[in-house]
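Please see the structure below; I have some questions.
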Amino acid sequence: TGEEIPTFPKYLKYVNLNGNQFGTKGIDLLTKGFNWNLPIEELHLSSNDIGHEGEIIISNALKIKKTSPPKLRILSLKSNCIGPKGGFAIAEAIKSGNFPIEMRKIDLCANGINMEGTNAIQEALQAEQTPPFLFVLIFR
């Protein structure tokens with residue numbers, strides 16, 4: 001298709017791709033290119049117009065043990081228009097039991113997540129397999 005799947009160095013801990021506007025297609029390439037076993041601790045993907053379809057791609061990667069980054073502590077997805085469907089997708093990833101145990105913060109501010117999506121995330125945070133110190137920011 002002409003798109004190149006990116007490769008990342010093995011020592012990568014901090015990734016800031018804020019404001020690149022790469023959309024769903026870009027997030028799909030990014031998740032395919034990531035070796036999620038890298039020691040990535042922070043992943044910043046704010047303002048990339050990924051929408052709910054892009055959030056579903058990210059959430060699916062986080063639900064699978066072999067593709068979920070084990071050391072990921074901070075995931076920023078601010079201002080990506082993920083809406084309620086994206087909220088439900090992240091809730092399912094949190095409840096999956098394979099969510100990164102080191103995860104401490106997910107920033108979902110300015111994404112248009114409604115009360116139903118917010119409630120789904122709140123319920124997921126109360127599930128037994130949720131990382132013990134996970135904090136999720138949701139401001140519409």
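The values are calculated or read from the model by the stated rules, or taken from the named source; none is laboratory data. Keep in mind the model is a prediction, meaning the values are calculated, not measured. With ideal geometry, Cβ positions are generated from the backbone for all residues, glycine too; neighbour counts draw on all protein chains shown. Side chains included, ligands, DNA and RNA excluded: accessible areas come from the protein's heavy atoms. Shrake-Rupley method; radii C 1.70, N 1.55, O 1.52, S 1.80 Å.
So if we plug the beta-carbon distance of Ile101 and Phe139 into 1/(1 + (r/R0)^6) with R0 = 22 Å, what FRET efficiency do we get, rounded to 0.05?
Plugging the Cβ-Cβ distance into 1/(1 + (r/R0)^6) gives 0.30.
Counting only helical runs of four or more DSSP H residues, what would the 222 nm mean residue ellipticity of the chain come to if each run contributes -39,500 (n - 2.57) and the total is spread over all its residues?
-10500 deg cm²/dmol
Could you compute Rg(Cα) / (2.2 N^0.38 Å) for the chain, with N its residue count?
Rounded to two decimals, the normalised Rg is 0.96.
Turning to a different aspect of this structure: By how many nm would the segment from Cys81 to Glu116 lengthen if fully extended, with 0.36 nm per residue of separation less the alpha-carbon distance?
Using 0.36 nm per residue and subtracting the Cα-Cα distance, I get 11.0 nm.
Kindly give Rg over Rh for the range 74-140, based on alpha-carbon atoms, with the Kirkwood expression for the hydrodynamic radius.
0.93
With an 8 Å cut-off on Cα pairs and a minimum separation of 6 or more residues, tell me the relative contact order of the range 36-140 in percent.
It comes to 29 percent, rounded to a whole number.
OK, next. With r as the distance between the Cβ atoms of Gln126 and Tyr11 and R0 = 30 Å, compute the FRET efficiency 1/(1 + (r/R0)^6) and round to 0.05.
That gives a FRET efficiency of 0.25.
Still on this structure: Which aspartates and glutamates, if any, have their Cα less than 18 Å from the Cα of Lys10, not counting same-chain residues under 8 positions apart?
Qualifying aspartates and glutamates at Cα under 18 Å: Glu41, Glu42.
Carbon and sulfur together cover what percent of the accessible area of the range 37-118 at a 1.4 Å probe radius?
Answer for the range 37-118 is 54 percent, counting heavy atoms of protein chains only.
For the chain, give the magnitude of the charge dipole about the Cα centre (Cβ charges: +1 Lys/Arg, -1 Asp/Glu; no others), in debye to the nearest 20.
The dipole of the chain has a size of about 360 debye.
Where only protein heavy atoms count, and the probe is 1.4 Å, what is the accessible area per residue for the chain in Å²?
I get 53 Å² per residue for this part.
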